[in-house]
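For reference, the structure discussed in these notes is given below.
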Amino acid sequence: MDYKSGLKAPNRTLMHHGVQQQLPAYLLAITRMKEIATHFQVKKISAAGCFLLPLRAGQERKKTRREALGGGENGGRYMHEGLFDVAHVRSLDAKAPDGMSGQFKYRLKMGGEPYGNTFNALRSEEFAGILRRSEELIREFGRRIYEGDIAIRPYKQGKATPCERCDYQPVCRFDPWTQKYNLLRAPE
């Protein structure tokens, strides 16, 4: 788990292309380091999920005080954003209902399977696939760094680019008029 003041949901496309790697990288490190398993006196640590937790509660505007206070214990304002293997849902959320949770962002079908368009609760093979992809990307990034590749490759997803919020444009000097963005497409 990682705590954030500004919470963003995991994005399947950004994760697939290596832009959002913080959560899976943490999880890979924890499950691959034998010293951590030894510390907890277990042979192996298995991955169940990785989450961002908000430090500030998101607050929706309500028309009345009664409406604002009627949203349950905390109205989902401290909901965990992240990815998890749905096979471990009961271990992660003991009060997990069959459909939706107030602590974790997911929805399940009647049989306990996640909906196909969800990116939070994942089937075991999908969750393992994301971790495999992240490990491949991290190894590739390391290889390129050791080879001295420092090329500037900002991405573009739809109309969004990281350049819009970047404080380092004077150093980077990426020029969208003469250089091409790394166009990100949704994974198949």
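Packing, as the average of other Cβ atoms within 10 Å across residues, places the peptides 128-135, 80-87 in the order 80-87, 128-135, highest first.
If you count only protein heavy atoms with a 1.4 Å probe, what accessible area per residue comes out for region 106-176, rounded to a whole Å²?
Per-residue accessible area for region 106-176 comes out at 72 Å².
Taking 29 Å as the straight-line reach from the Cα of LYS44, the lysines in range (excluding those fewer than 8 positions away in the same chain) are LYS4, LYS34, LYS95, LYS105. Rg and Dmax over the alpha-carbon atoms of region 1-47 stand at 13.4, 37 Å. Over the residues of region 85-188, compute the C-alpha Rg and express it relative to 2.2 N^0.38 Å. In units of the 2.2 N^0.38 Å rule of thumb, it is 1.51.
Ignoring aspartates and glutamates fewer than eight residues from LYS63 along the same chain, the ones with Cα atoms less than 19 angstrom from its Cα are GLU73.
The values are calculated or read from the model by the stated rules, or taken from the named source; none is laboratory data. What you see is a predicted model; the values in this text were computed from it and never measured. In this analysis, Cβ positions are derived from the backbone assuming ideal geometry, glycine residues included, and neighbour counts consider all displayed protein chains. Side chains included, ligands, DNA and RNA excluded: accessible areas come from the protein's heavy atoms. Shrake-Rupley method; radii C 1.70, N 1.55, O 1.52, S 1.80 Å.
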